[in-house]
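Asks: Here it is, the structure in full.
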Amino acid sequence: MKILTGNDLKSGAVTWWDGVQWSLHVEDAVDVGDHADTILAREQAARRVNAAYAIEAVKDEGSVRPAHIKDRIRALGPTVRPDLTLKPADPEAGNWVI
Amino acid sequence: MAEVQYRFRDDEPVADPGVTVGAFGEQSNASAVRLEPGDEARDLIPHLERIRLVEVNFPVFGDGRGYSSARILREAGYTGELRAVGEVLVDQIAFMRRCGFDAFAPDVPLDPADADNAFGRYGEVYQPTIDGLAPIWAKRHG
Amino acid sequence: MYRYDTYDQAMVDARVEEFRDQVRRRLEGHITEDQFKPLRLMNGLYLQLHAYMLRVAVPYGTLSSAQMRMLGDIADKYDRGYGHFTTRQNIQYNWIKLEDAPDILADLAKVEMHAIQTSGNCIRNTTSDQYAGAAADEVVDPRPYAELIRQWSTFHPEFSFLPRKFKMAVIASDTDRAAMKLHDIGIQIVRNEAGELGAAFYVGGGMGRTPMIAPCINPFVPLDQMITYSEAALRVYNRHGRRDNKYKARIKILVHELGKDEYTRQVEAEFQHLLGQNIEPPLAELERIKAQFADPPFEKIGTVPTFEIDRSDPDFALWVDNNCLAHKQSGYIAATISLKPIGGIPGDASGEQIRLMADLARDYSFDECRVTHAQNIVLPHVRKDQLYALWQQLDAAGLGTPNLDLVGDIIACPGLDYCSLANARSIPVAQKIGQRLAAKQQEIGELKLKISGCINACGHHHAGHIGILGVDKKGTENYQLLLGGCEGADTSLGQITGPGFDEDGIVDAVEKATQFYLAQRGEGERFLDTYRRVGMPAFKEAIYG
């Protein structure tokens with residue numbers, strides 16, 4: 001599947017396109033099919049997202065897994081600071097990245 | 001040709017657009033020349049007497065060669081109009097002014113309020129250039 | 001230490017307001033991200049993997065305790081309670097909000113700090129020797145010259161859109177502790193046979209994808225021509241440096257392609273022209289700056305009876321032996337605070353730790369500390385009889401690791417955990433190596449290990465006795481091993497050993513290299529000495545065989 005990610009213009013937080021708006025959680029990301037360029041242009045022009053781009057991902061067991069490790073680290077947070085990731089209580093979260 | 005939005009001189013503007021450096025060498029009557037980033041500004045130095053306008057083109061704002069071209073011409077004694085053209089953005093014009101540009105014809109006109117802020121923001125400078133502003137070190141030591 | 005006068009303060013204050021206005025225009029949609037990006041970069045604001053990252057300039061690595069304290073406060077107030085000290089002697093914050101950035105710059109300006117030109121294609125923050133003003137081997141304190149360069153390069157109207165970034169370093173001793181020859185311009189302040197001071201210019205060094213050692217293009221530029229000479233070197237680069245390919249845009253490529261002699265000829269010609277332009281600050285300005293770097297009021301031996309170090313605590317003695325350097329003033333010592341605890345993140349410090357270091361700088365080091373390019377902190381002027389009390393406080397706060405220049409004192413860039421340019425993570429590799437070799441590091445002795453998560457080489461892997469370069473191998477992290485790099489007077493570039501490794505494999509490979517060294521080393525040899533004597537093939541055999 002093809003999903004969209006970027007950063008919130010004001011806070012810089014990593015966000016994912018959920019079909020309606022930008023979510024902090026990669027599992028909310030939806031397949032945008034052939035509409036990536038249209039959505040990106042519209043959303044960036046409206047300053048709802050910054051530096052956004054389309055990536056490949058796969059859907060598995062309710063989660064969305066970006067194809068590239070860089071985007072998986074973006075989705076989770078720094079692997080060396082589990083306390084600062086989106087899943088601070090999950091000791092296995094880092095394994096999802098690898 | 002983009003409109004001249006700012007001009008800090010009182011003489012009559014040259015109406016003709018600048019010719020290329022190559023054409024300038026062949027046309028002995030031309031008084032306006034256009035410098036591209038890769039052109040050798042020093043090639044113009046023997047002809048400064050007859051030049052009334054030098055347009056320095058910034059095809060992309062990140063290509064900073066035009067700043068050196070401008071200073072080289074001013075350092076050589078050029079007193080005619082030095083006009084920045086192309087992708088001239090509001091956040092570059094103060095630097096350009098310091099390098100000797102006295103006219104600005106941006107592809108996209110600048111917001112007047114933003115441009116006024118930019119021209120006036122820094123009252124002090126660390127480096128002397130041909131713009132005549134006394135650098136901070138000169139003020140410190142009278 | 002240099003203190004701002006009203007002119008310097010006005011400059012940074014104006015910059016804060018300029019950036020506040022630029023941020024407003026971006027948030028209101030008057031400028032695009034493409035137009036905003038170079039503006040935010042010239043204020044050190046990147047968009048990184050997880051958020052905006054702000055890089056704050058620490059000119060020549062020197063900080064007062066008030067400045068250090070502010071860095072700790074910013075970590076807590078605007079970030080997530082920590083900061084990361086970098087190989088450019090700066091500090092970075094990883095979780096900055098764009099809307100907060102102008103306020104952070106305003107807080108910095110209150111303590112005479114800024115983020116000006118910490119990124120972008122301009123002249124960056126000038127680095128120096130972390131022991132400047134303390135080292136016994138320096139000709140003179142190099143920082144006044146670096147400060148002169150800071151002022152000249154700040155908002156330079158001609159050199160703010162260079163082909164690529166531009167890094168300068170200034171040192172003043174033959175023991176180069178600032179990797180001077182791996183900078184775009186490295187300046188060594190030297191004394192000639194007549195006893196006069198001058199500046200030796202080394203131009204065209206760098207790391208990155210094409211590492212090069214800078215050649216000396218002029219061994220002695222008189223001090224009252226140093227800025228003019230710099231201007232000439234920059235103008236030739238601004239005009240003729242490559243702009244067609246960003247990977248070939250650094251000055252090292254220009255110097256290499258023109259050849260050192262032709263580049264030097266062009267600089268000399270431009271220099272002769274610029275000498276007539278009267279752009280050089282008067283020596284009185286240099287003297288004004290020098291006066292602010294005068295020695296602190298050291299106490300003379302004899303006025304206090306116990307100026308010697310009591311080594312009866314073995315843990316303390318070990319720290320003294322590893323982390324302290326002889327001082328030019330008898331009775332004093334320069335102490336390095338390691339930011340490399342075993343298994344920790346190299347260069348990271350919490351807001352609380354930063355404030356503690358600020359207090360210790362105030363109480364034990366004449367209000368001054370330094371950031372080193374190896375991502376540690378130096379207290380430059382500690383009275384020997386107060387060293388034990390200092391160490392006890394450091395040790396209690398987890399800042400007493402006795403491993404300066406040992407294998408655990410690893411330089412690592414933020415890598416793929418934080419950086420959008422990275423291909424692989426650096427920090428986990430540093431943590432694993434540090435843990436694996438912790439028990440052996442005293443036996444191994446000096447071994448500078450440096451890790452970069454991509455070819456841009458922020459982790460200085462080319463200059464590591466052991467260097468590690470993270471690469472992307474079909475979507476997985478892979479690590480190349482380099483041996484034999486070195487910064488300093490005998491600068492050399494590391495060579496790649498062979499095929500890369502995965503994360504566990506690179507840790508094993510480093511361990512094998514150290515085991516082979518221990519088996520082979522001769523009397524008094526460091527790892528690097530043994531490598532240079534024994535050569536790559538033997539090490540390769542030991543690692544891959």
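A short reminder: the numbers here are calculations on the coordinates, not readings from a lab. Please read all numbers here as calculations on a predicted model, not as lab measurements. Cβ atoms come from the backbone with ideal geometry, glycine included; neighbour counts cover every protein chain shown.
Asks: Which value in deg cm²/dmol, rounded to the nearest 500, describes the helix-derived mean residue ellipticity at 222 nm for chain A, given -39,500 (n - 2.57) per DSSP H run of n ≥ 4 and division by the residue count?
Replies: Calculated from helices alone, the mean residue ellipticity at 222 nm is -6000 deg cm²/dmol.
Asks: For peptide B:115-125, what's the mean number of Cβ atoms from other chains within 10 Å of each residue's Cβ?
Replies: Mean shielding count: 3.
Asks: Per-residue Cβ counts within 10 Å, from other chains only, averaged over A:81-90: what number is that?
Replies: Other-chain Cβ atoms within 10 Å of each residue's Cβ, averaged: 2.
Asks: If R₀ is 60 angstrom, what is the calculated FRET efficiency for the pair C:GLU33 and C:GLN515, using the beta carbon separation as r and rounding to 0.05?
Replies: 0.75
Asks: Then there is this: So what's the net charge close to B:GLY22: Lys and Arg +1, Asp and Glu -1, counting the other residues with Cβ under 12 Å from its Cβ?
Replies: -4
Asks: Fewest first, what order do B:PHE8, B:PHE24, B:PHE61 take by the number of other Cβ atoms within 10 Å?
Replies: Neighbour counts put them in this order, fewest first: B:PHE8, B:PHE61, B:PHE24.
Asks: To the nearest 20 debye, what is the magnitude of the charge dipole of the range C:37-180 about its Cα centre, counting +1 on the Cβ of each Lys and Arg and -1 on the Cβ of each Asp and Glu?
Replies: Taking the Cα centre of the range C:37-180 as origin, the dipole is about 560 debye.
Asks: Moving on. Test of understanding: ordering B:GLU55, C:GLU352, B:GLU36 by Cβ neighbours within 10 Å, fewest first, what list do you get?
Replies: Ascending number of Cβ neighbours within 10 Å: C:GLU352, B:GLU36, B:GLU55.
Asks: With 18 Å as the cut-off, how large is the P(r) tail for the range B:6-140, expressed as percent of Cα-Cα pairs?
Replies: 54
Asks: Is the C-alpha gyration tensor of the range A:2-93 telling us rounded, prolate or oblate? Criteria: a/c under 1.5 is rounded; beyond that, a/b larger than b/c is prolate, otherwise oblate.
Replies: Oblate is the answer for the range A:2-93, as a/c is 1.5 or above yet b/c matches or exceeds a/b.
Asks: Now for a different question. What does the charge dipole of the protein assembly as shown about its Cα centre add up to, to the nearest 20 debye, if the Cβ of each Lys and Arg holds +1 and the Cβ of each Asp and Glu holds -1?
Replies: Computed about the Cα centre, the dipole is about 740 debye.
Asks: Next up: Magnitude of the Cβ-charge dipole of chain C, K/R +1 and D/E -1, about the Cα centre, nearest 20 debye?
Replies: 1560
Asks: Hey, what's the Kirkwood Rh for the range C:374-470 if you take every pair of different alpha carbons, in angstrom?
Replies: Mean inverse Cα-Cα distance, inverted, gives 14.5 Å.
Asks: How much net charge surrounds C:LYS512 when only the other residues with a Cβ under 14 Å from the Cβ of C:LYS512 are counted, with Lys and Arg +1 and Asp and Glu -1?
Replies: Residues close to C:LYS512 contribute a combined charge of -1.
Asks: How charged is the neighbourhood of C:GLN441? Take every other residue with its Cβ under 11 Å from the Cβ of C:GLN441, and add Lys/Arg as +1 and Asp/Glu as -1.
Replies: In short, -1.
Asks: I've got another one for you. Tell me which lysines have Cα within less than 23 Å of C:LYS165's Cα, excluding those fewer than 8 residues away on the same chain?
Replies: Answer for C:LYS165, where 23 Å is the Cα cut-off: C:LYS37, C:LYS181, C:LYS246, C:LYS248, C:LYS252, C:LYS260, C:LYS450, listed by chain and number.
Asks: Something else now. Would you mind checking the pairs A:LYS2/C:LYS97; A:LYS87/C:LYS440; A:LYS10/C:LYS110; C:LYS432/C:LYS474 and listing those with alpha carbons more than 26 angstrom apart?
Replies: Too far apart for the 26 Å limit: A:LYS2/C:LYS97; A:LYS87/C:LYS440.
Asks: For the range C:446-490 and the range C:43-68, compute the distance between their C-alpha centroids and round to whole Å.
Replies: Computed from Cα coordinates, the inter-centre distance equals 24 Å.
Asks: Quick check on chain C: take the gyration tensor over C-alpha atoms, sort the square-rooted eigenvalues as a ≥ b ≥ c, and tell me if it's rounded (a/c under 1.5), prolate or oblate.
Replies: rounded
Asks: Which value at 222 nm does chain C reach when only helices count, each DSSP H run of 4 or more adding -39,500 (n - 2.57), with the total divided by all residues and rounded to the nearest 500 deg cm²/dmol?
Replies: -11000 deg cm²/dmol
Asks: Given the convex hull over the Cα atoms of the range C:6-110, what projected area results after averaging over all orientations, in nm²?
Replies: 6.9
Asks: Continuing with this model, one more query. In whole Å, what is the distance between the alpha-carbon centres of the range B:69-93 and the range C:398-436?
Replies: Each part reduced to its Cα centre gives a spacing of 47 Å.
Asks: Here's something else I'd like to know. What list do you get for C:VAL16, C:VAL140 if you sort them by fewest beta carbons within 10 Å?
Replies: Sorted ascending by nearby Cβ count, the order is C:VAL140, C:VAL16.
Asks: Right, here's the next one. What list of ³J(HN,Hα) values in whole Hz, one per residue of the range B:104-115 in order, does the Karplus curve 6.51 cos²θ - 1.76 cosθ + 1.60 (θ = phi - 60°) give from phi, with Gly and Pro shown as x?
Replies: Ordered by residue, 3J(HN,Hα) equals 9, 10, x, 4, 10, x, 7, 5, x, 5, 4, 5 Hz.
Asks: Shielding by partners for B:71-81, please: the mean number of other protein chain Cβ atoms within 10 Å of each residue's Cβ.
Replies: 2
Asks: Quick one: angle between helix B:65-75 and the longest Cα principal axis of chain B, in degrees between 0 and 90, rounded to 10, please.
Replies: The two axes meet at around 90 degrees.
Asks: May I pose another question? Hey, got a sec? Which GluC sites (Glu not before Pro) in the range C:14-117 land in a DSSP loop and have at most 12 other Cβ atoms within 10 Å?
Replies: C:GLU28
Asks: Kindly write out, for the range C:494-509 in residue order, the coupling ³J(HN,Hα) from the Karplus curve 6.51 cos²θ - 1.76 cosθ + 1.60 (θ = phi - 60°), rounded to whole Hz, with x marking Gly and Pro.
Replies: Per-residue couplings from phi come out as x, 10, 6, 6, x, x, x, 10, 7, 4, 5, x, 6, 5, 4, 5 Hz.
Asks: Where the centroid of each part is defined by its Cα atoms, how far is the range C:313-389 from the range C:246-268 in Å?
Replies: Each part's Cα centre sits 40 Å from the other's.
Asks: Continuing with the same structure: Rounded if a/c is under 1.5, else prolate if a/b is larger than b/c, else oblate: which is the protein assembly as shown, with a ≥ b ≥ c the root eigenvalues of its Cα gyration tensor?
Replies: Oblate.
Asks: So for chain B: antiparallel DSSP bridges make up what percent, rounded to the nearest 5?
Replies: The antiparallel fraction comes to roughly 10 percent.
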